[in-house]
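The values are calculated or read from the model by the stated rules, or taken from the named source; none is laboratory data. Owing to the predicted nature of the structure, the values given are computational and were not obtained by experimental measurement. Every residue, glycine among them, receives a Cβ derived from its backbone with ideal geometry; neighbour counts consider all protein chains shown. Ligands, DNA and RNA are excluded from the accessible area calculation, which covers all protein heavy atoms including side chains. Shrake-Rupley method; radii C 1.70, N 1.55, O 1.52, S 1.80 Å.
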Amino acid sequence: MPPGAGWRPLAGSAAGVPTFAYADQSMTAMRAQPAPSGSTSGSTHEAAAIVAEGLIVDYGRVRALDGLSLTVPTASVMGLLGPNGAGKTTTVRVLATLLVPNAGTARVAGIDVLAAPDAVRRVIGLSGQYAAIDEDLTARENLHMVGRLFHLRAGYVRARTEELLERFDLTDAADRTARTYSGGMRRRLDLASSLVAKPTILFLDEPTTGLDPRSRLTMWEVIAGLVADGTTVLLTTQYLEEADSLADRIAVVDQGRVIAEGTPDDLKSRVGGERIEVRVAGADVARTVTALTPLGTAPPTAEDETVSVPVTGGGAVLVEAIRALDSEGVPIAEIHLRRPTLDDVFLSLTGHRAEVETPPAPTRGRRR
Amino acid sequence: MSAATHATGSTDAGARFGGAAPTGAPEVLLRSRAYWAFHDGLVLAVRNVVKISRIPGLLVFGIIQPIMFILLFAFVFGGAIAIPGGGSYREYLVAGIFVQTIAFAGAATSVGLSEDMSKGLVDRFRSLPMARSAVLVGRTLGDLVRGSITVAVMSLTGLLIGWRINDGVLRAVLAYLLLLAFGYALSWIGCYIGLSVSSTEVAQTAGFIWLFPLTFLSNAFVPTQGMPPWLQTIADWNPVSAVVASLRTLFGNPNPFADGSSLPQQYPIAVALCWIALILLIFIPLSVRKYRTVARR
C-alpha cells in the first residue's frame, strides 16, 4: 500500500480513543452514487445488483415475507429499514442463499439465487447480526479458514489475510483467540471475514446492533469506505439514523413487504410538513401566533410556551420568521426548523413507531 | 498502528476495496467436486483439532473419565467377575473400555455439532461456496483425532494395570484401526442426533442416552454367557460385542465370546466391518441431508 492509504487512526480523536477512516478516500465520497438506471419499477434490471420479486417465506404459521420485492442498483447502498420481525433478516437470508423462499424469485449479480446458489456465494459477502466468527480461533486463523473454504490460491489467502487484518486494525490482536475480543473487534473481524474474496455485493444484517456509539461510528466509517469503490451494499437496520447516514436509498419494510422506497429525502418529503417551532415567554405566545400566521401553510398551534407552524420553503422561511418576531419585539428563547425524521416517516407510513427492541429469537425455516 | 506499517506494499489500482488493495483479483482454483469435498472437510477438521488445543480442559477430562473407568472396573469388579475359560479380568476388560470410550466419543460429536449449528458461524459456512458435507466431515474427523489421543492414553493406563498386547504389533495395529473406524462410524450417528435435537442442552442428554444400552448390553464388561438367553442373543449381535471380540482376538487377550457358535462369535472381525460399513452407509447420507434442511436453532 502506498503511504497514506489504509485504515488508520484519525488524528485528534478524543482521549486517545482511535477512530478509523479509510484515509485514501475522501470522506465526501462516502456515499456511492446510485447507478443511472436506478429505477425500481422498470422492467430492465441490467444495472441492478439485486432484484427480488414477490418473495414469500413462511415460518410455520407465521408469514415472514409477504410478497416482498426489491431492486438494488449496482454500486449503491440500499438500506432495509424496519422494526424487528418486519422481514429484513429473512430477506437477507434468502438473497444470501441461506433460506429457500416458499415463492418468488431473486437474482443477485444477475444470477438466479434458487437455481445457482453456489455461483451466488462466489460474489457475495455476508456479515450478520451475530458475529459469525470462530471464537476459539485467532483473527488470522478465522480469515485464513474462510479463504481456504472459498477455494482461493494459498498465496492470495495469506496476502489478503494480512491486508484485512491491517485494514481493520486487528494486526496487534491477530494471534489472540477471538474470545478475548471486544464487541467492536468481533464485528470488524466478522466484516473482514466477509471480504476475503472481494465480494461485489455485500449483505450487512444489522451491522451495528449492540455496539456502543463509538464502535458504531467506526463501523459506519468502515462501511462507507467499502462503498466508495463500487461495492453494492444491502444493509438492514432498525436505526433510522444509520439508514439516513449510510444509504442512498431506503426501503421501509413492514410485515414482510416493502411499504415505501426512495432516497432518505424522498421519504421525508413524502411525509411533508416542515415546521418552525419557537419557544417564547408565556406572555408572548399570542403575539407570536399573530406574527407567524402569515408565514404558515396552516394556522400556528400553541402548546405551553412553544408555538409551532407548518411551513414550506426551509431556511428562507426561518429567516422571515425571525425577522417577523424581531419586529414585533418578541424575545426568542429557542427557534428551529424541524424537518421530519425517519421515525416520523415510519409513523406516518405504518401508523406505529419504529420500535427498537431486543433481537428476535432465531427462526426456523427451510434451509439448504 | 504506526504510519510506517502503511508505507510498505504495492498498489493495485484494479483491486476493489478502497482501490488500493495489494492483492489482485481473487483467483479461484478449479478442481473436481470430490476433491473440494475432501479439502473443505479437512480445513474444518484442522479447525476442530486447533480448537481441541485451545480448550485443553475438554480433552483432559475426556481422558480422565476412561482412566477412571479402567481403574474402577479393574479394582472394584475385577475380583467378582470370573472369565469362563480362565484368564485375567484386567486383560479382558481393557478392550471393552476402549470400545466404550470410543463409542461415548460419538456423544461428543452430537454436542460439538449442535454447538456449531447454534452459532452464527454456521451461517458463514452456508454462505460460502464450500462443500455442504464439510461441516460434518470436519466435525467427525476432528473427533477422530481426539478419540485417538484418548485411546493412546488409555493404552498406557491399561499397560500399567497388567493389560498386554500378546499377538504382535501388526495385529495390534489392525485392532486400533478397527477401533477407530468403529468410533468414526458412531460419530456419524452422533452427527445425526446433534442435527436432530433442538439445543445443545438436549444434545448433552440425547447424545449419551443410547450409548448406555449399546455399550452395557454387550460383552464389553462381562461375558455374555451369564445373561438370560434372550438378552444374550441381543448382546451377541450388538455391534459393540463384535468389535470388542475382534480387539480381544487381535490383541491376544482372553476372549470367551469366541466359544459360542453364532455368526458374530465365529467371525467377529467380518461382522464388525459389516456393522461399520452399514452405519456409515446409512448415517452419512442421512446426516448430510439433515444438515441441508435443518434450521438454525
What number goes with the only condition from (1) facing chain B (nearest Cβ under 9 Å); (2) surrounded by fewer than 23 Cβ atoms within 10 Å (Cβ to Cβ); (3) in contact with a Gly (Cβ under 8 Å, 6 or more places away or on another chain) that A:Ala103 does not pass?
(1)
Take the conditions within 20 Å of A:Phe203 (Cα to Cα) and either more than 7 Å from every other protein chain (Cβ to nearest Cβ) or out of contact with any strand residue (DSSP E or B) (no Cβ under 9 Å at 6 or more places or on another chain) (or both) and apply them to A:Arg167. Does it pass?
yes
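One line per residue, one yes/no per condition, for (1) open to solvent by less than 30 Å² (accessible area, probe 1.4 Å); (2) on the phi > 0 side of the Ramachandran plot; (3) more than 8 Å from chain B (Cβ to nearest Cβ):
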position: A:Ala116; (1), (2), (3): no, no, yes
position: A:Ile124; (1), (2), (3): yes, no, no
position: A:Asp136; (1), (2), (3): yes, no, no
position: A:Asn142; (1), (2), (3): yes, no, yes
position: A:Leu152; (1), (2), (3): yes, no, no
position: A:Val157; (1), (2), (3): yes, no, yes
position: A:Thr161; (1), (2), (3): yes, no, yes
With respect to A:Arg148, is the statement that it is among the basic types (Lys, Arg), within 7 Å of chain B (Cβ to nearest Cβ) and more than 24 Å from B:Val294 (Cβ to Cβ) true?
yes
For the stretch B:83-121, give me the residue count where each residue is part of a helix (DSSP H, G or I), surrounded by fewer than 21 Cβ atoms within 10 Å (Cβ to Cβ) and within 14 Å of another protein chain (Cβ to nearest Cβ).
2
Going through A:Val280, A:Val307 one at a time, which residue ends up being under 38 Å from the mean Cα position of the chain (by Cα), more than 30 Å from A:Leu349 (Cβ to Cβ) and modelled with pLDDT of 85 or more?
A:Val280
Take the residues in the stretch A:211-228 that are more than 10 Å from chain B (Cβ to nearest Cβ) and assigned to a loop (DSSP other than H, G, I, E, B), then tell me which one is farthest from A:Ala159 (Cα to Cα).
A:Asp212
Name the residue, out of B:Gly24, B:Gly41, that is closer than 22 Å to A:Phe150 by Cβ, modelled with pLDDT of 90 or more and either more than 9 Å from chain A (Cβ to nearest Cβ) or part of a loop (DSSP other than H, G, I, E, B) (or both).
B:Gly41
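Listed here are the residues, each with its yes/no results for (1) in a strand (DSSP E or B); (2) touching a Phe, Trp or Tyr at 6+ places or on another chain (Cβ under 7 Å); (3) open to solvent by 60 Å² or more (accessible area, probe 1.4 Å); (4) not assigned by TED's automatic domain parsing to the domain that holds A:Ala286.
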| site | (1), (2), (3), (4) |
| --- | --- |
| A:Pro299 | no, no, yes, no |
| A:Ser308 | yes, no, no, no |
| A:Glu320 | no, no, yes, no |
| A:Leu325 | no, no, no, no |
| A:Val330 | no, no, no, no |
| A:Glu334 | yes, no, yes, no |
| A:Leu337 | yes, no, no, no |
| A:Pro340 | no, no, no, no |
Give the number of residues within the stretch A:73-100 that are within 24 Å of A:Val62 (Cβ to Cβ), open to solvent by 10 Å² or more (accessible area, probe 1.4 Å) and of a type outside the set (Lys, Arg).
6
Do we have any residue at all in the stretch B:52-62 that's in contact with a Lys or Arg (Cβ under 9 Å, 6 or more places away or on another chain), more than 30 Å from A:Gly155 (Cα to Cα) and either at the interface with chain A (Cβ under 8 Å from one of its Cβ atoms) or open to solvent by 80 Å² or more (accessible area, probe 1.4 Å) (or both)?
yes
